[in-house]
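Trainee: Structure incoming, see below.
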Amino acid sequence: MSQSKHIHLIDTTLRDGSHAISHQYTAEQIATIAAGLDQAGVEFIEVSHGDGLAGSSINYGKSLISEKEMLQAASSVIKNATLTVLLIPGIGTQEDLEMAVENGARAVRVATHVTEADVAQQHIPMAKKMGLKVFGFLMLSHMVQPEKVVEQAKLFESYGADVIYVADSAGAMLPEDVKARVNAVVNAVGVPVGFHAHNNLTLATANSLAAIDAGATYIDGTCRGLGAGAGNCQIEALVGVLEKKACHTGVDFYKIMDVAEGLVEPIMHRPQVVRNAPFMLGYAGVYGSFLLHAYRAAEKFNLDPRDILVELGKRKMVGGQEDMIIDVAYQLAKKRGA
(Lines give C-alpha, C1' and ligand atoms only; values in the text may rest on other atoms or scores of the structure.)
Protein backbone atom coordinates (compact mmCIF):
# COMPACT_ATOMS: atom_id res chain seq x y z
CA MET A 1 0.00 0.00 0.00
CA SER A 2 1.54 3.30 -1.06
CA GLN A 3 2.28 5.98 1.50
CA SER A 4 -0.12 8.92 1.95
CA LYS A 5 -2.66 7.39 -0.41
CA HIS A 6 -6.04 9.14 -0.28
CA ILE A 7 -8.99 6.87 0.39
CA HIS A 8 -12.53 8.20 -0.08
CA LEU A 9 -14.87 6.87 2.59
CA ILE A 10 -18.59 6.40 2.12
CA ASP A 11 -20.56 5.94 5.32
CA THR A 12 -23.68 3.87 4.81
CA THR A 13 -24.88 3.63 8.42
CA LEU A 14 -28.09 5.40 7.42
CA ARG A 15 -28.74 3.05 4.48
CA ASP A 16 -27.20 -0.42 4.99
CA GLY A 17 -27.51 0.05 8.74
CA SER A 18 -31.25 0.38 8.25
CA HIS A 19 -31.47 -3.40 7.71
CA ALA A 20 -30.21 -4.08 11.23
CA ILE A 21 -32.89 -1.92 12.87
CA SER A 22 -35.75 -3.06 10.63
CA HIS A 23 -35.73 0.27 8.75
CA GLN A 24 -37.01 2.14 11.81
CA TYR A 25 -34.81 5.24 11.80
CA THR A 26 -36.54 8.38 13.02
CA ALA A 27 -35.96 11.77 11.42
CA GLU A 28 -34.26 12.94 14.62
CA GLN A 29 -31.86 9.97 14.62
CA ILE A 30 -30.99 10.55 10.97
CA ALA A 31 -30.33 14.23 11.54
CA THR A 32 -28.21 13.60 14.63
CA ILE A 33 -26.09 10.86 13.04
CA ALA A 34 -25.72 12.69 9.72
CA ALA A 35 -24.56 15.83 11.55
CA GLY A 36 -22.03 13.81 13.52
CA LEU A 37 -20.67 12.10 10.41
CA ASP A 38 -20.44 15.43 8.62
CA GLN A 39 -18.58 17.06 11.50
CA ALA A 40 -16.21 14.07 11.63
CA GLY A 41 -15.23 14.76 8.02
CA VAL A 42 -16.94 11.83 6.26
CA GLU A 43 -16.94 12.58 2.53
CA PHE A 44 -20.12 10.74 1.45
CA ILE A 45 -23.14 9.96 3.64
CA GLU A 46 -25.61 7.48 2.17
CA VAL A 47 -29.26 7.76 3.23
CA SER A 48 -32.21 5.68 2.01
CA HIS A 49 -34.10 2.49 2.73
CA GLY A 50 -31.75 -0.47 3.11
CA ASP A 51 -32.78 -1.70 -0.33
CA GLY A 52 -32.50 1.74 -1.89
CA LEU A 53 -34.99 4.35 -3.02
CA ALA A 54 -38.59 3.05 -2.91
CA GLY A 55 -37.45 -0.04 -1.00
CA SER A 56 -40.01 0.54 1.74
CA SER A 57 -42.53 -2.25 1.13
CA ILE A 58 -44.02 -5.37 2.63
CA ASN A 59 -41.49 -7.40 0.63
CA TYR A 60 -38.35 -5.55 1.79
CA GLY A 61 -39.59 -4.07 5.06
CA LYS A 62 -41.52 -0.86 5.71
CA SER A 63 -39.59 2.24 6.76
CA LEU A 64 -40.80 4.21 9.75
CA ILE A 65 -40.69 7.47 7.77
CA SER A 66 -40.68 8.34 4.08
CA GLU A 67 -37.45 8.73 2.17
CA LYS A 68 -38.33 12.35 1.56
CA GLU A 69 -38.35 12.87 5.33
CA MET A 70 -35.08 10.93 5.65
CA LEU A 71 -33.32 13.06 3.06
CA GLN A 72 -34.71 16.32 4.41
CA ALA A 73 -33.49 15.39 7.89
CA ALA A 74 -29.99 14.63 6.60
CA SER A 75 -29.68 17.51 4.15
CA SER A 76 -30.74 20.01 6.82
CA VAL A 77 -27.58 19.30 8.83
CA ILE A 78 -24.96 18.27 6.26
CA LYS A 79 -22.58 21.13 5.56
CA ASN A 80 -19.65 19.51 3.74
CA ALA A 81 -20.36 15.87 2.92
CA THR A 82 -22.09 14.67 -0.24
CA LEU A 83 -25.56 13.29 0.49
CA THR A 84 -25.80 10.00 -1.39
CA VAL A 85 -28.62 7.56 -2.19
CA LEU A 86 -28.84 3.99 -3.45
CA LEU A 87 -31.03 3.09 -6.41
CA ILE A 88 -31.71 -0.44 -7.62
CA PRO A 89 -33.30 -0.45 -11.10
CA GLY A 90 -36.65 -2.19 -10.84
CA ILE A 91 -37.21 -0.84 -7.33
CA GLY A 92 -36.36 2.86 -7.57
CA THR A 93 -37.63 4.96 -10.49
CA GLN A 94 -36.79 8.24 -12.18
CA GLU A 95 -39.39 9.96 -10.03
CA ASP A 96 -37.75 8.61 -6.88
CA LEU A 97 -34.37 9.92 -7.98
CA GLU A 98 -35.84 13.31 -8.87
CA MET A 99 -37.37 13.45 -5.39
CA ALA A 100 -33.97 12.64 -3.89
CA VAL A 101 -32.27 15.42 -5.85
CA GLU A 102 -34.96 17.91 -4.82
CA ASN A 103 -34.21 17.00 -1.20
CA GLY A 104 -30.44 17.32 -1.28
CA ALA A 105 -28.97 14.18 -2.85
CA ARG A 106 -25.85 14.90 -4.90
CA ALA A 107 -24.66 11.36 -5.62
CA VAL A 108 -26.32 8.04 -6.42
CA ARG A 109 -25.14 4.45 -6.37
CA VAL A 110 -26.91 2.53 -9.12
CA ALA A 111 -26.81 -1.09 -7.98
CA THR A 112 -27.34 -4.21 -10.05
CA HIS A 113 -26.59 -7.89 -9.73
CA VAL A 114 -23.05 -8.58 -10.91
CA THR A 115 -24.30 -10.10 -14.19
CA GLU A 116 -26.95 -7.47 -14.91
CA ALA A 117 -25.15 -4.13 -15.35
CA ASP A 118 -27.10 -3.63 -18.58
CA VAL A 119 -30.29 -2.90 -16.63
CA ALA A 120 -28.65 0.38 -15.57
CA GLN A 121 -28.13 1.53 -19.16
CA GLN A 122 -30.83 4.20 -18.82
CA HIS A 123 -30.45 4.97 -15.13
CA ILE A 124 -26.81 6.05 -15.14
CA PRO A 125 -27.11 8.59 -18.01
CA MET A 126 -30.36 9.82 -16.42
CA ALA A 127 -28.58 10.43 -13.12
CA LYS A 128 -25.71 12.18 -14.90
CA LYS A 129 -28.19 14.54 -16.58
CA MET A 130 -29.47 15.40 -13.11
CA GLY A 131 -25.96 16.51 -12.20
CA LEU A 132 -25.26 13.62 -9.83
CA LYS A 133 -21.98 11.84 -9.18
CA VAL A 134 -22.79 8.28 -10.23
CA PHE A 135 -21.40 5.05 -8.81
CA GLY A 136 -21.97 1.75 -10.62
CA PHE A 137 -22.45 -0.86 -7.89
CA LEU A 138 -21.97 -4.55 -8.78
CA MET A 139 -23.69 -6.58 -6.07
CA LEU A 140 -22.83 -10.17 -5.13
CA SER A 141 -19.52 -9.97 -6.99
CA HIS A 142 -18.38 -13.23 -5.39
CA MET A 143 -20.78 -15.17 -7.63
CA VAL A 144 -18.73 -14.82 -10.83
CA GLN A 145 -15.09 -14.93 -11.89
CA PRO A 146 -13.01 -11.73 -12.21
CA GLU A 147 -13.37 -11.75 -16.00
CA LYS A 148 -17.14 -11.45 -15.70
CA VAL A 149 -16.85 -8.67 -13.14
CA VAL A 150 -14.60 -6.80 -15.60
CA GLU A 151 -17.10 -7.28 -18.42
CA GLN A 152 -19.88 -5.78 -16.34
CA ALA A 153 -17.68 -2.99 -14.98
CA LYS A 154 -16.88 -1.93 -18.53
CA LEU A 155 -20.61 -1.65 -19.22
CA PHE A 156 -21.00 0.68 -16.25
CA GLU A 157 -18.10 2.75 -17.50
CA SER A 158 -19.60 2.93 -21.00
CA TYR A 159 -22.86 4.25 -19.53
CA GLY A 160 -20.99 7.08 -17.80
CA ALA A 161 -20.38 5.86 -14.24
CA ASP A 162 -17.85 8.01 -12.37
CA VAL A 163 -16.82 5.21 -9.99
CA ILE A 164 -17.30 1.45 -10.19
CA TYR A 165 -17.85 -0.65 -7.09
CA VAL A 166 -17.10 -4.31 -6.47
CA ALA A 167 -19.57 -5.26 -3.73
CA ASP A 168 -19.24 -8.31 -1.50
CA SER A 169 -22.93 -8.17 -0.62
CA ALA A 170 -22.92 -11.61 0.99
CA GLY A 171 -19.64 -11.20 2.86
CA ALA A 172 -18.50 -14.35 1.09
CA MET A 173 -15.08 -13.32 -0.22
CA LEU A 174 -11.64 -14.07 1.14
CA PRO A 175 -8.90 -11.42 0.74
CA GLU A 176 -7.49 -13.19 -2.31
CA ASP A 177 -10.95 -13.16 -3.94
CA VAL A 178 -11.20 -9.41 -3.33
CA LYS A 179 -7.75 -8.72 -4.74
CA ALA A 180 -8.43 -10.74 -7.88
CA ARG A 181 -11.68 -8.95 -8.69
CA VAL A 182 -10.68 -5.43 -7.68
CA ASN A 183 -7.30 -5.57 -9.40
CA ALA A 184 -8.87 -6.92 -12.58
CA VAL A 185 -11.37 -4.05 -12.65
CA VAL A 186 -8.73 -1.43 -11.78
CA ASN A 187 -6.62 -2.60 -14.73
CA ALA A 188 -9.59 -2.65 -17.12
CA VAL A 189 -11.34 0.69 -16.56
CA GLY A 190 -10.33 4.32 -16.55
CA VAL A 191 -12.40 5.43 -13.56
CA PRO A 192 -11.81 4.94 -9.82
CA VAL A 193 -12.83 1.64 -8.24
CA GLY A 194 -14.48 1.07 -4.87
CA PHE A 195 -15.23 -1.85 -2.57
CA HIS A 196 -18.15 -2.61 -0.26
CA ALA A 197 -17.59 -5.28 2.40
CA HIS A 198 -19.80 -7.30 4.71
CA ASN A 199 -18.44 -8.97 7.81
CA ASN A 200 -20.13 -12.36 7.65
CA LEU A 201 -16.80 -14.20 7.64
CA THR A 202 -15.24 -11.60 10.01
CA LEU A 203 -13.11 -10.32 7.10
CA ALA A 204 -14.65 -6.91 6.30
CA THR A 205 -11.66 -4.84 7.42
CA ALA A 206 -9.12 -7.28 5.99
CA ASN A 207 -11.01 -7.40 2.71
CA SER A 208 -11.20 -3.60 2.57
CA LEU A 209 -7.43 -3.43 3.02
CA ALA A 210 -7.01 -6.08 0.32
CA ALA A 211 -9.14 -3.94 -2.00
CA ILE A 212 -6.97 -0.90 -1.30
CA ASP A 213 -3.84 -2.94 -1.97
CA ALA A 214 -5.41 -3.95 -5.29
CA GLY A 215 -6.03 -0.33 -6.27
CA ALA A 216 -9.44 0.61 -4.84
CA THR A 217 -9.69 4.23 -3.69
CA TYR A 218 -13.32 4.27 -2.48
CA ILE A 219 -14.29 2.16 0.54
CA ASP A 220 -17.59 1.75 2.41
CA GLY A 221 -18.13 1.42 6.13
CA THR A 222 -20.70 1.90 8.86
CA CYS A 223 -20.50 3.00 12.46
CA ARG A 224 -20.18 -0.02 14.72
CA GLY A 225 -20.39 -2.08 11.52
CA LEU A 226 -24.18 -1.65 11.56
CA GLY A 227 -25.63 -3.34 8.48
CA ALA A 228 -27.27 -6.34 6.89
CA GLY A 229 -26.15 -9.80 7.94
CA ALA A 230 -23.17 -9.56 10.28
CA GLY A 231 -22.80 -5.94 9.27
CA ASN A 232 -20.34 -3.90 7.24
CA CYS A 233 -16.76 -2.81 7.65
CA GLN A 234 -16.62 -0.89 10.95
CA ILE A 235 -15.78 2.60 9.74
CA GLU A 236 -14.30 3.98 12.95
CA ALA A 237 -11.93 1.00 13.17
CA LEU A 238 -11.10 1.33 9.48
CA VAL A 239 -10.18 5.00 9.93
CA GLY A 240 -7.75 4.03 12.68
CA VAL A 241 -6.25 1.20 10.65
CA LEU A 242 -5.79 3.48 7.63
CA GLU A 243 -4.09 6.08 9.81
CA LYS A 244 -1.63 3.40 10.88
CA LYS A 245 -1.12 2.66 7.19
CA ALA A 246 -0.42 6.36 6.52
CA CYS A 247 -3.48 6.59 4.28
CA HIS A 248 -5.39 9.87 4.25
CA THR A 249 -9.20 9.87 4.60
CA GLY A 250 -9.98 13.36 5.87
CA VAL A 251 -11.95 11.77 8.73
CA ASP A 252 -11.19 12.75 12.33
CA PHE A 253 -10.45 9.48 14.13
CA TYR A 254 -11.70 10.59 17.57
CA LYS A 255 -14.83 12.23 16.19
CA ILE A 256 -15.90 9.19 14.14
CA MET A 257 -15.36 6.99 17.22
CA ASP A 258 -17.55 9.36 19.24
CA VAL A 259 -20.31 9.21 16.61
CA ALA A 260 -20.21 5.41 16.68
CA GLU A 261 -20.24 5.09 20.46
CA GLY A 262 -22.35 8.06 21.42
CA LEU A 263 -24.92 8.28 18.61
CA VAL A 264 -25.19 4.94 16.80
CA GLU A 265 -24.59 2.34 19.49
CA PRO A 266 -27.46 3.55 21.72
CA ILE A 267 -30.05 2.97 18.97
CA MET A 268 -28.83 -0.47 17.90
CA HIS A 269 -31.27 -3.31 18.50
CA ARG A 270 -28.42 -5.67 19.34
CA PRO A 271 -24.62 -5.73 19.15
CA GLN A 272 -23.42 -6.28 15.57
CA VAL A 273 -21.69 -9.58 16.23
CA VAL A 274 -21.03 -12.52 13.93
CA ARG A 275 -23.59 -15.03 15.13
CA ASN A 276 -24.19 -18.42 13.53
CA ALA A 277 -26.80 -17.41 10.96
CA PRO A 278 -24.96 -14.29 9.75
CA PHE A 279 -21.79 -16.35 9.44
CA MET A 280 -23.75 -18.76 7.29
CA LEU A 281 -24.63 -15.89 4.94
CA GLY A 282 -20.96 -15.62 4.07
CA TYR A 283 -20.40 -19.35 4.06
CA ALA A 284 -23.35 -19.94 1.72
CA GLY A 285 -22.82 -16.75 -0.30
CA VAL A 286 -26.27 -15.29 0.36
CA TYR A 287 -27.35 -11.64 0.20
CA GLY A 288 -27.19 -9.94 3.60
CA SER A 289 -30.75 -8.60 3.62
CA PHE A 290 -32.03 -12.19 3.55
CA LEU A 291 -31.06 -12.73 7.19
CA LEU A 292 -34.11 -11.35 9.02
CA HIS A 293 -36.40 -12.96 6.45
CA ALA A 294 -34.67 -16.31 7.03
CA TYR A 295 -35.04 -15.94 10.82
CA ARG A 296 -38.76 -15.29 10.47
CA ALA A 297 -39.24 -18.18 8.05
CA ALA A 298 -37.30 -20.50 10.34
CA GLU A 299 -39.51 -19.59 13.29
CA LYS A 300 -42.66 -20.02 11.22
CA PHE A 301 -41.73 -23.50 10.00
CA ASN A 302 -39.66 -24.64 13.01
CA LEU A 303 -36.43 -24.87 11.00
CA ASP A 304 -32.80 -24.04 11.61
CA PRO A 305 -32.15 -20.73 9.78
CA ARG A 306 -28.76 -22.07 8.74
CA ASP A 307 -30.45 -24.76 6.65
CA ILE A 308 -32.57 -22.14 4.91
CA LEU A 309 -29.53 -20.00 4.12
CA VAL A 310 -27.57 -22.95 2.72
CA GLU A 311 -30.50 -23.83 0.48
CA LEU A 312 -30.77 -20.22 -0.72
CA GLY A 313 -27.08 -20.33 -1.57
CA LYS A 314 -27.49 -23.55 -3.52
CA ARG A 315 -30.25 -21.90 -5.54
CA LYS A 316 -28.06 -18.82 -6.14
CA MET A 317 -30.87 -16.53 -5.06
CA VAL A 318 -30.19 -12.81 -5.28
CA GLY A 319 -31.49 -9.55 -3.86
CA GLY A 320 -35.08 -8.97 -4.89
CA GLN A 321 -36.11 -12.57 -4.27
CA GLU A 322 -36.89 -12.14 -0.57
CA ASP A 323 -40.49 -13.20 -1.16
CA MET A 324 -39.25 -16.66 -2.18
CA ILE A 325 -37.63 -17.36 1.20
CA ILE A 326 -40.97 -18.43 2.68
CA ASP A 327 -41.47 -20.82 -0.23
CA VAL A 328 -38.01 -22.32 0.27
CA ALA A 329 -38.67 -22.76 3.99
CA TYR A 330 -42.05 -24.35 3.27
CA GLN A 331 -40.44 -26.81 0.86
CA LEU A 332 -37.73 -27.71 3.40
CA ALA A 333 -40.32 -28.24 6.14
CA LYS A 334 -42.48 -30.33 3.81
CA LYS A 335 -39.49 -32.47 2.82
CA ARG A 336 -38.61 -33.11 6.46
CA GLY A 337 -42.17 -34.02 7.29
CA ALA A 338 -42.34 -36.51 4.43
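The values are calculated or read from the model by the stated rules, or taken from the named source; none is laboratory data. Owing to the predicted nature of the structure, the values given are computational and were not obtained by experimental measurement. Cβ atoms come from the backbone with ideal geometry, glycine included; neighbour counts cover every protein chain shown. Remember, those area values only see protein heavy atoms, side chains included, never the ligands or the DNA or RNA. Shrake-Rupley method; radii C 1.70, N 1.55, O 1.52, S 1.80 Å.
Trainee: What's the total number of residues in segment 160-184 that are outside any helix (DSSP H, G or I) and either among the polar types (S, T, N, Q) or without any contact (Cβ under 8 Å) to a residue 24 or more places away in the chain (or both)?
Mentor: Looking only at that region, the number is 1.
Trainee: I would also like to ask the following. Mind counting the residues in segment 178-221 that are acidic (Asp, Glu) and surrounded by 19 or more Cβ atoms within 10 Å (Cβ to Cβ)?
Mentor: 1
Trainee: Continuing with this model, one more query. In this structure, does residue 334 turn out to be closer than 26 Å to residue 144 by Cβ and surrounded by fewer than 17 Cβ atoms within 10 Å (Cβ to Cβ)?
Mentor: The answer is no for residue 334.
Trainee: Where the second residue is of a type in the set (D, E, K, R) and the first is farther than 10 Å from residue 223 by Cα and lies in segment 258-271, which pairs have Cβ atoms under 8 Å and are six or more apart or on separate chains?
Mentor: Qualifying pairs under 8 Å: 268/224.
Trainee: Sticking with this one: Please name all residue pairs, on different chains or six or more residues apart, with Cβ atoms under 7 Å, provided the first residue is in segment 59-73 and is closer than 15 Å to residue 86 by Cβ and the second residue is open to solvent by 30 Å² or more (accessible area, probe 1.4 Å) and outside any helix (DSSP H, G or I).
Mentor: Taking only residues 6 or more apart or on different chains, the pairs are 61/22; 63/56.
Trainee: Which members of segment 221-273 meet the condition of being touching a Gly at 6+ places or on another chain (Cβ under 6 Å), part of a helix (DSSP H, G or I) and within 22 Å of residue 201 (Cβ to Cβ)?
Mentor: Within segment 221-273, 225, 235, 238 meet the criteria.
Trainee: Can I ask one more? Answer yes if at least one residue in segment 298-310 is in a helix (DSSP H, G or I), out of contact with any helix residue (DSSP H, G or I) (no Cβ under 8 Å at 6 or more places or on another chain) and modelled with pLDDT of 90 or more, and no otherwise.
Mentor: Yes: one or more hits.
Trainee: Considering only segment 160-170, state which residues are modelled with pLDDT of 95 or more and over 17 Å from residue 124 (Cα atoms).
Mentor: 167, 168
Trainee: Checking residue 272 against (1) open to solvent by 70 Å² or more (accessible area, probe 1.4 Å); (2) at pLDDT below 95, which test does it fail?
Mentor: Result: residue 272 passes all but (1).
Trainee: I'm checking my understanding of the structure. Among residues of segment 85-142 that are open to solvent by 40 Å² or more (accessible area, probe 1.4 Å) and of a type in the set (Val, Ile, Thr), which one is farthest from residue 167 (Cα to Cα)?
Mentor: 93
Each row is one residue, and each column tells you yes or no for (1) at pLDDT 95 or above; (2) hydrophobic (A, V, I, L, M, F, W, C); (3) not in a helix (DSSP H, G or I).
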residue	(1), (2), (3)
98	yes, no, no
109	yes, no, yes
119	yes, yes, no
136	yes, no, yes
147	yes, no, no
151	yes, no, no
158	yes, no, no
